[in-house]
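Written out below as structure tokens is the structure these notes cover.
The values are calculated or read from the model by the stated rules, or taken from the named source; none is laboratory data. Small disclaimer: the values here were computed from a predicted structure and weren't measured. Neighbour counts are summed over all protein chains in view; Cβ atoms, including those assigned to glycine, are modelled from backbone coordinates with ideal geometry.
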Amino acid sequence: MHKGFLKVAALTGSLSVVLGAFAAHTLRGMISDHAVATFETGVRYQFYHAFALLMTGILYKDFKFNTTVWAGRLFIAGIILFSGSLYCLTAVQAAVQPGYKWIGAITPLGGLCFITGWILLLLSFFRKQS
């Protein structure tokens, strides 16, 4: 097992629950529904990829390849870039700060990290020898 991935998965998973509760109980009513939806999208993808990272850490025991390691790294990068940029966008919208829409340009880079991570994980499975 890759303990580093497992630790980050546990941390990002627990943060997903905290951030989801924050969105549901604190943000709702304070900011626009659109901003809350943006924040919740970040939480949802963070949670999905916390599980992906957990799976990657467990699978590393049987699939000790660079593609597996890079899949985990890209899941972490995707969480930071994709979810993090959505959290920042929400904060900017809540503070009514014009001129920071460029933060949204970071989000697709995080999405690309997620996609590439999944593809690398798939390639790890093809490399497995019986």
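Could we say that V36 is at pLDDT below 95, in contact with a strand residue (DSSP E or B) (Cβ under 6 Å, 6 or more places away or on another chain) and farther than 30 Å from L123 by Cα here?
yes
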Restrict the check to the range 73-84 and report whether at least one residue is more than 25 Å from M30 (Cα to Cα), at pLDDT 95 or above, touching a Leu at 6+ places or on another chain (Cβ under 7 Å) and not hydrophobic (A, V, I, L, M, F, W, C). no
When both residues are 6+ apart or on different chains and their Cβ atoms are under 6 Å apart, which pairs have a first residue that lies in the range 84-113 and is on the phi > 0 side of the Ramachandran plot, and a second that is modelled with pLDDT under 85 and surrounded by fewer than 15 Cβ atoms within 10 Å (Cβ to Cβ)? none
Restricting the range 7-25 to residues that are in contact (Cβ under 8 Å) with a residue 60 or more places away in the chain and closer than 16 Å to F39 by Cα, the residue that is surrounded by the fewest Cβ atoms within 10 Å (Cβ to Cβ): L19
